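Please read the structure below before turning to the comments.
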Protein chains: 2
Amino acid sequence: MSLTPQWLRHYQKAWLAGDLTAGLIVTVMLIPQSLAYALLAGLPPEVGLYASILPIVAYALLGSSMTLAVGPVAVASLMTASAIAPLAVAGTAEYAALAVQLSLISGAMLLAFGVMRLGFLAHFLSHPVISGFITGSAVVIAIGQLKHLLGVRVPSSSTWETLKGLVLALPQTNVATLALGLGSLIFLVVARRYLSGWLVRMGMPAKVAELLTKLAPMVAVIASIAVVALARLDLSAKVSVVGVVPQGLPHMELALPGLSTVGQLWLPALLIALVGFVESVSVAQSLALKRQQRIAPNKELLGLGAANIASALSGGYPVTGGFARSVVNFAAGANTPLAGVVSAALMALVIASMTGAFYYLPHAVLAATIIVAVVSLVDFDTLKEAWHYDRADALSLMATALGVIAMGVEVGILMGVALSLGVLVWRSSRPHMAVVGRVPGTEHFRNIERHSVETVPGLLALRVDESLFFANASALEDRVEDLIRADATVRRVVLVCSAVNQIDTTALGVLTELHASLAKRGVSLALAEVKGPVMDRLQHTALGRALQGRVFQSVHAAFTALRAA
Amino acid sequence: MSLTPQWLRHYQKAWLAGDLTAGLIVTVMLIPQSLAYALLAGLPPEVGLYASILPIVAYALLGSSMTLAVGPVAVASLMTASAIAPLAVAGTAEYAALAVQLSLISGAMLLAFGVMRLGFLAHFLSHPVISGFITGSAVVIAIGQLKHLLGVRVPSSSTWETLKGLVLALPQTNVATLALGLGSLIFLVVARRYLSGWLVRMGMPAKVAELLTKLAPMVAVIASIAVVALARLDLSAKVSVVGVVPQGLPHMELALPGLSTVGQLWLPALLIALVGFVESVSVAQSLALKRQQRIAPNKELLGLGAANIASALSGGYPVTGGFARSVVNFAAGANTPLAGVVSAALMALVIASMTGAFYYLPHAVLAATIIVAVVSLVDFDTLKEAWHYDRADALSLMATALGVIAMGVEVGILMGVALSLGVLVWRSSRPHMAVVGRVPGTEHFRNIERHSVETVPGLLALRVDESLFFANASALEDRVEDLIRADATVRRVVLVCSAVNQIDTTALGVLTELHASLAKRGVSLALAEVKGPVMDRLQHTALGRALQGRVFQSVHAAFTALRAA
């Protein structure tokens, strides 16, 4: 296996123009985002820039998506803040060092999962849980940014504390800050809603108009810097600004975490890894499908793992594939990860020479860009759909969102996962079972309550619509006992196993008991339509041997044989 | 609904003799057990006797088993000790008060589960996890009793500490204590193994011989009391004895726990409730089956909940249905819970008038009865069976047992539950899928790799052997994509849903995407053998509407229709 990625070995000249354009546009979009998300994570702004260089290159070497744009994202930034805030004071070197360690541990986990092909771990996060988690996080993030819009100081230990603090601090609102923040907010909302429509009506091609819209945050940044710098609002009106952003490329260094640090950070690191992976793969997959490309989840694990380790190596913090910037990258014509490499190079240039330009950038404007970005993450559609399709999923979603808002990101997502596993077991513990009969004139058997079918007296054919395992084995036993009690003429019971995909040890025990207890009462047990993999295991057990000759390929075969008997 | 239980309203005279005999025999068996298990729980011996009166009566009123014997049991006693030891010093009034609260909270939970019909919660505990838990607990209990056999003091913070302490304390062994303990142990083992055989050979009916064997612990208790009292071994040889056991019925009182106590005890209380419920129901069920009776799990929850609240009310600690004593109760001819009421009355008599008799009872003899009782709980058969049938179940079992031994009962069982849920999701995340074709001359379709079947060119029929949900939806998508990539002639894909019992929101999303992405490539998607409950939900969704006319009752119908098309 060559270390050079495939896209690079077979690079075609025709791809270059698209990759260069996309790299440039994404960089312009990334600059305000990187600064803002670093602030959201409780880190100095330059850390956001650091996290937007090496990780992109690392992903380009190992990842499988042609268009995914990796870097700091809103949700991972919030998770970083919530993981480190209890351990260190934001703004200190210790805090930044812990963010590096978090990224390192998270990256090492992703790499390990990739090597061990454990991508399935991400499947523990159902779509409703993820949707609830992101919606909840977006609400928490937006509320947390309001203090920057108002220019006040507010404690942020919990959402409730923050809200209370905001109300109490209202009288101290810094009017100039609020004006800048609200102005940017309105500009960004209007730009997002109407700008591309206006541009199109002015004769601009739709695609170009769409892309220009994405540059609105940069316009807000430049305009606000100009206003603050000219009026020296930082002095005259005490508008809080970013201030000195150290110039120069990040130092490359890496301290391995001690055992106690690993003990404190492994859970948030794992959650950041999984959430980041799920989000990233779903973005990558939806973009790949549009161009008939494919995403290899295990390669994604390697790519994201390498990206996070690269982020740690260069003083950054946890990164993952971002939705908005990947879409822009794709729309701007990115053909390969070279677009990302271009963007990384441009970003390095910015850090090496232009950080002075951000001195007058007001925090309120960064807060406005964050709010506009996360409000679009609030997802009521999934809730609405789930509510109509599957109430339990909708409840998992809401519980996760409320859990995140009321109790923080970690508790919220763990609650969501526990709830969705609980729902899974609960559902499986009450399996659908149907007594079946033959559809006249066919060899097909259906539910006697839903279809008009033929049955044979004394023969009970019960279809179990679920794998048999610890949570539902006794439900089957109860149902058979009930049916036999209800019809004393039953002499043969056929379990139709077309939907039984597994029989675990607990269920095997229950079936063995059921067989013995039926036999005592002169009722014989038979199986039909047992799947290959299930039969392979069953035949070597006591039950398998006891049932020899009474396992039929189809219900039809069972009916024919048992009717004759 | 009358409050008088059914067995009492329809009580028949013929049942009385059996109930009286069983009540008497169980009481004789219960006395040493109750004293010993209270000690195991870190409580004064009389607490064990208290827990053997009111709880039995409460269960008789609300439970559904005719023969279950409720009271202190080994595993719940160990769980009680492990829950309270970190909070209070064994032997203090505070410790005893916490045991009462634990019983109260556990009972309230059981009652609540019963009222809300949440019996399914117990299904989270698979058979291998329970088996591993009990085996691990038995090992921990047996090791913990060795210090009483040796007559030494040893720290018991962990199994490892205890073992180390035992080795270090060996030189301090109290020889008289060891002689009494080992003597009892050998007597009990020999009685259990050979006594009933000898008695039968001497002409005694097998059933009576079997029952007499169960009274061996009482014989050991009486004999050892006599030896110690006559030789005053408590003074001359410093043999540790039970000492003064307060005489008189327990005071009835109940202090509700404060919030902080609930916060400390809810998790162990929940685990004790669930483990106790599972054990109790499985004993009750296996006995009921022998007499064609039935157990109502929700009534069991109410019965056990009431028993634990009654235990708390009378100064006891958590109780549940015991295996050994229920079997003896059954074998001694108990016909109704009146046998338990008789035993409760006799036990009250003992407490009211004869506790002085236990003064000289050596701790070593109680330890011997505990060791003999728990060694029989060690269950290698389940491990052996699971190892041959289902490696993952066997690993869950071993992990739970080792977890209990190395890290304590709570961590052990939580690990087991997490592992069994993990195995469940992991298995479901890699569902078995088979491309199917028609068995010649039938309407039956089987795996093309296992059977010689007919297929139609351009038509791909894929059977998914699993419900579709968050953990496996993308695996289906990947498989379909792989199959289409492998055979470019495919124009129609039929998903055979005979084994799909549920489609959750996440999977619905994936199917909707798959349908759209296939359509773009000119491949149509159809479903066959969709189950009633699944179809009921599906038809109101966008996917359901898009698939109208392409959902077939059987694979045969789909083949016929699509071949013609």
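Things to note:
- Against the empirical curve 2.2 N^0.38 Å, the C-alpha radius of gyration of region B:292-369 lands at a ratio of 1.33.
- With its label point defined 7 Å out from Cα along the Cα-to-Cβ axis, A:Y194 lies at 10.1 nm from the matching points of the other copies, in increasing order.
- Overall dimensions of region B:322-474, expressed as equivalent-ellipsoid semi-axes from the Cα gyration tensor (√(5λ), whole Å, largest first), are 56, 22, 14.
- Span from the region B:329-389 Cα centroid across to the region A:464-519 one, whole angstrom: 33
- Charge-dipole axis of the protein assembly as shown as Lys and Arg at +1 and Asp and Glu at -1 on Cβ define it, positive-most pick from A:I225, B:A499, A:I371: B:A499
- Descending semi-axes in Å of region A:207-319, equivalent ellipsoid built from Cα gyration tensor: 35, 27, 13
- Sorted shortest first, the distances from the A:L16 label point to those of the same residue in the other copies are 10.7 nm; each point sits 7 Å from Cα along Cα-to-Cβ.
- DSSP loop chymotrypsin sites (Phe, Trp or Tyr not before Pro) with at most 16 other Cβ within 10 Å: longest gap in chain A: A:12-358
- Pairwise Lys count, chain B - Cα closer than 21 Å, eight or more residues apart or different chains: 5
- Stokes-Einstein diffusion coefficient of region A:433-564, Kirkwood radius over Cα pairs, 10 °C, 1.306 mPa s, in µm²/s: 108
- Taking the Cα atoms of the protein assembly as shown, the ratio Rg/Rh between the radius of gyration and the Kirkwood radius comes to 1.03.
- Rounded if a/c under 1.5, otherwise prolate or oblate - region B:152-205, Cα gyration tensor axes: prolate
- Cα gyration tensor shape of region B:77-207, rounded if a/c is under 1.5, else prolate or oblate by comparing a/b with b/c: oblate
- The charge dipole of region B:433-564, taken about the Cα centre with unit charges on the Cβ atoms of Lys, Arg (+1) and Asp, Glu (-1), comes to about 420 debye, rounded to the nearest 20.
- Separation of alpha-carbon centers, region B:520-565 and region B:93-144, rounded to whole Å: 48
- If you wrap the tightest convex hull around every Cα atom of region B:413-465 and split its volume per residue, you get 90 Å³.
- Here, chain B yields an orientationally averaged convex hull projection of 33.7 nm² when only Cα atoms define the hull.
- Calculated mean residue ellipticity, 222 nm, the protein assembly as shown: -19500 deg cm²/dmol, from DSSP H runs (n ≥ 4) at -39500 (n - 2.57) each, averaged per residue and rounded to 500.
- Semi-axes of the equivalent ellipsoid of region B:77-144 are 25, 21, 6 Å, computed as sqrt(5λ) over the eigenvalues of the C-alpha gyration tensor in descending order.
- Relative contact order, percent, chain A [alpha-carbon distance under 8 Å, six or more residues apart]: 23
- Shown for A:A546: label points 7 Å from Cα along the beta-carbon vector, and their distances to the equivalent points in the other copies, 4.8 nm in ascending order.
Every number here is computed from the coordinates shown, using simple stated rules; none is lab data. These numbers were taken from a predicted model, which means no experiment stands behind them. With ideal geometry, Cβ positions are generated from the backbone for all residues, glycine too; neighbour counts draw on all protein chains shown.
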